[in-house]
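Step one of this worksheet: look at the structure below.
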Amino acid sequence: MATENEMRAKWMTAAKWIYWATTILVCSAMLSGGIMMLLGNEQNVKGITDLGYPAYLCTILGVAKILGSIVILFGKRCRTLKEWAYAGFSFDLLGASASYVLHGGEPLFHAIAPLVLLLMVLSSHRQWKTGWM
């Protein structure tokens, strides 16, 4: 039978894997989305404007997603800024899902996909807040 220290060490390893897996998935999705928005990708701009938002919102969201991803991945000493990045991602994803639902006429997938990513953001945040990272 494993001792308490051995069990704790196994859990710490699993917790770190969960944190890094969810964090890398979230940050890669947000970073690639931010880059596409800054580059003015036609699909991104059309998606934003079809929902009734101005096209310049792509620039604002693009910069925020890129900076948020960098802070979450590399901001070990910037705890408050990292909290803001997690909050910003949460607001962005909730807003995206709500925009699709309230706009109407969009496939259900467009409203569910941001919520799935939000669950990963919350999982990453939870693992980070426990102090294991």
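The values are calculated or read from the model by the stated rules, or taken from the named source; none is laboratory data. Values in this document were obtained by computation on a predicted structure and should not be read as measured data. Because the Cβ atoms are built from the backbone with ideal geometry, glycine has one as well, and the counts that use them run over all protein chains shown. Accessible surface areas use protein heavy atoms only, side chains included; no ligands, DNA or RNA. Shrake-Rupley method; radii C 1.70, N 1.55, O 1.52, S 1.80 Å.
Worth a mention:
- Ordering 22, 58, 11 by the projection of their Cα atoms onto the charge dipole of the chain, which places +1 on the Cβ of Lys and Arg and -1 on the Cβ of Asp and Glu, puts 11 at the extreme positive end.
- Taken over the range 60-133, the alpha-carbon convex hull comes to 83 cubic angstrom per residue.
- Modelled label positions at residue 130 and residue 32, each set 7 Å beyond Cα in the direction of Cβ, lie 2.8 nm from each other.
- Look at (1) 59, 31, 21; (2) 64, 43, 28; (3) 37, 36, 22: the one that is Cα extents along the principal axes in Å derived from this structure is (1).
- Count, lysine Cα pairs under 19 Å in the chain, 8 or more residues apart or across chains: 9
- Residue-averaged [θ]222 nm for the chain, counting only DSSP H segments that reach four residues, each worth -39500 (n - 2.57): -28500 deg cm²/dmol
- Across the range 10-20, rounded Karplus estimates of 3J(HN,Hα) from the backbone phi angles (6.51 cos²θ - 1.76 cosθ + 1.60, θ = phi - 60°) give 5, 5, 4, 5, 5, 5, 5, 5, 4, 4, 5 Hz, Gly and Pro being marked x.
- Accessible solvent surface per residue of the range 57-102, calculated while the other protein chains remain in place, 1.4 angstrom probe, Å²: 59 Å²
- With all protein chains in place and a 1.4 Å probe, the accessible surface of the chain carries 69 percent carbon and sulfur.
- Solvent-accessible surface ranking, highest first, for 23, 59 at 1.4 angstrom: 59, 23
- Remark: the residue 3-residue 101 segment gains 30.2 nm on full extension, using 0.36 nm per residue and subtracting the alpha carbon distance.
- Solvent-accessible surface (1.4 Å probe) assigned to residue 91 amounts to roughly 150 Å².
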